[in-house]
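So the structure is just underneath, and the comments pick up after that.
Every read-out reported here was derived from the displayed coordinates using simple, explicitly stated rules and does not represent laboratory data. This structure is a prediction, so every number in the text was calculated from the model and none was measured. Backbone-built Cβ (ideal geometry, glycine too); neighbour counts: all protein chains shown.
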Amino acid sequence: MTAPRDELERELGGPFTALYLLPEPQCADLLDMIRTAPDRERSAMDAAVEAKLATLPRGTRAAARVMAYGWKRTVRLRFSRAERP
């Protein structure tokens, strides 16, 4: 298993002097934050879009959701098996 500092250097694309000032646990935390950032940003953006869609009149929400997400993703989000009773 490689050290978190080595993985962080590989993820960032090169050695940085500042990384050697961080302890290994902080390097591991930083690496985890970098790797999970796209998922966190996607969920935050989805929450913001859903909050905005909730302010629209009921009849226009479906059309706006399709414009925001696309048809396939809208159907997948709204009619997933996990939500069905």
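Taking 7 Å steps out from each Cα toward its Cβ at ASP6 and ALA28 produces label points 1.6 nm apart. What's the FRET efficiency of ARG35 with LYS72 using the Cβ-Cβ distance as r and R₀ = 22 Å, to the nearest 0.05? FRET efficiency, ARG35 to LYS72: 0.25.
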